[in-house]
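The values are calculated or read from the model by the stated rules, or taken from the named source; none is laboratory data. All of these numbers come straight from a predicted model, not from anything done at the bench. Note that each Cβ is placed from the backbone with ideal geometry, even for glycine, and that neighbours are counted across all protein chains shown.
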Amino acid sequence: MALQLLSWNCNGLNSPRKRKSVFHLLKKEQLDLICLQETHVIRLHRKVLINKRLGQEFISSDKVKKRGVVIYAKERLSPKFIFKDDQGRFVAIEIQIQGEKFLIVGVYAPNEGKSEFFKKLHETLMDYLDYNLILMGDMNGVVSTNMDKAQRQVVTKDGRLPKTFFEMTDNLDLVDIWRTKNPLGREGTFFSEAKMTWTRIDQIWVTRGMAPKIKKAEICPKTCSDHNAVRMEMKLISTGSFRWRMNDTLFRDEDVIKKAQKL
């Protein structure tokens, strides 16, 4: 038994044709939790993001066709809205899994002002230390310019996530689960044709204690977006029905046999 999660910068869902393609792809994957970034759907049109086949929707959108984050969660996870911003940058929900509380946070970080953005997000998340945390989305920066970035020119520190991001992950004891599962991996999730550079800016971070429960973390093939999705599979403890079995040694106990014969 496992929980299937996917994070994907879908690069716009305003087109009905594009939306239909994306929803069709996601439905086939049989996912429990989905986080989409850069939907570009304005608040006035947010209803187009409703798709009950994917799950209950939780949306953060802007008043203009920019940004936008949505989380879909299956009803069996008892999803509950926790917080969001009003610019389409993040949304957070609570889910319940086998009696444990999880805080799921979908993020679409800005290109400019990342330092202040992650500082404020860190301050917000400090109020939820009693949760298992899953932080996923487009961070718009890499953890390591050596391992998570490749370009024709000499690799520089440009594009590395700010200090405030690492202060947040350190204080919240989060690990980059794809890197944890693929310590020597060199895969990207976004290719910039202008810079001829690939980067792994789409990430999933989890509370360190959850890492042993993660069976798989992988970067999916590119489909109808300029970003690759990131998928994670978390194993759950089986809660199957208990099968009662009589102790067959009772049938060899003479005292038990004599008592049974008197009934």
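Identify, from the list F81, F58, the residue that is out of contact with any helix residue (DSSP H, G or I) (no Cβ under 6 Å at 6 or more places or on another chain), aromatic (F, W, Y) and surrounded by fewer than 19 Cβ atoms within 10 Å (Cβ to Cβ).
Numbers: F58 fails: surrounded by fewer than 19 Cβ atoms within 10 Å (Cβ to Cβ).
Only one candidate passes the filter, namely F81.
Quick test of your reading of the structure: H24 fulfils all but one of (1) closer than 15 Å to L6 by Cα; (2) at pLDDT below 95. Name the failing condition by number.
Going through (1) closer than 15 Å to L6 by Cα; (2) at pLDDT below 95 one by one, H24 breaks only (2).
List every residue pair whose Cβ atoms sit under 9 Å apart, with the two residues 6 or more apart in sequence or on different chains, where the first one lies in region 19-40 and is at positive phi and the second, anywhere, is aromatic (F, W, Y) and not in a loop (DSSP other than H, G, I, E, B).
Here the result reads E38/Y108, each pair linking region 19-40 to a residue that is aromatic (F, W, Y) and not in a loop (DSSP other than H, G, I, E, B).
How many residues does region 16-48 hold that are over 20 Å from P110 (Cβ atoms) and either under 18 Å from the mean Cα position of the chain (by Cα) or surrounded by fewer than 18 Cβ atoms within 10 Å (Cβ to Cβ) (or both)?
Of region 16-48, the ones over 20 Å from P110 (Cβ atoms) are 16-34, 44-48.
Then keep just the ones that are either under 18 Å from the mean Cα position of the chain (by Cα) or surrounded by fewer than 18 Cβ atoms within 10 Å (Cβ to Cβ) (or both); that gives 16-18, 20-34, 44-48.
Total satisfying the criteria: 23.
Whether any residue in region 129-151 is at pLDDT 95 or above, over 19 Å from T189 (Cα atoms) and either in contact with a Cys (Cβ under 7 Å, 6 or more places away or on another chain) or among the basic types (K, R) (or both) is what I want to check.
no
With respect to the numbered conditions (1) under 23 Å from F23 (Cβ atoms); (2) of a type outside the set (F, W, Y); (3) assigned to a strand (DSSP E or B); (4) touching an Asp or Glu at 6+ places or on another chain (Cβ under 7 Å), which one is the sole condition not fulfilled by V105?
Tallying (1) under 23 Å from F23 (Cβ atoms); (2) of a type outside the set (F, W, Y); (3) assigned to a strand (DSSP E or B); (4) touching an Asp or Glu at 6+ places or on another chain (Cβ under 7 Å), V105 fails exactly one: (4).
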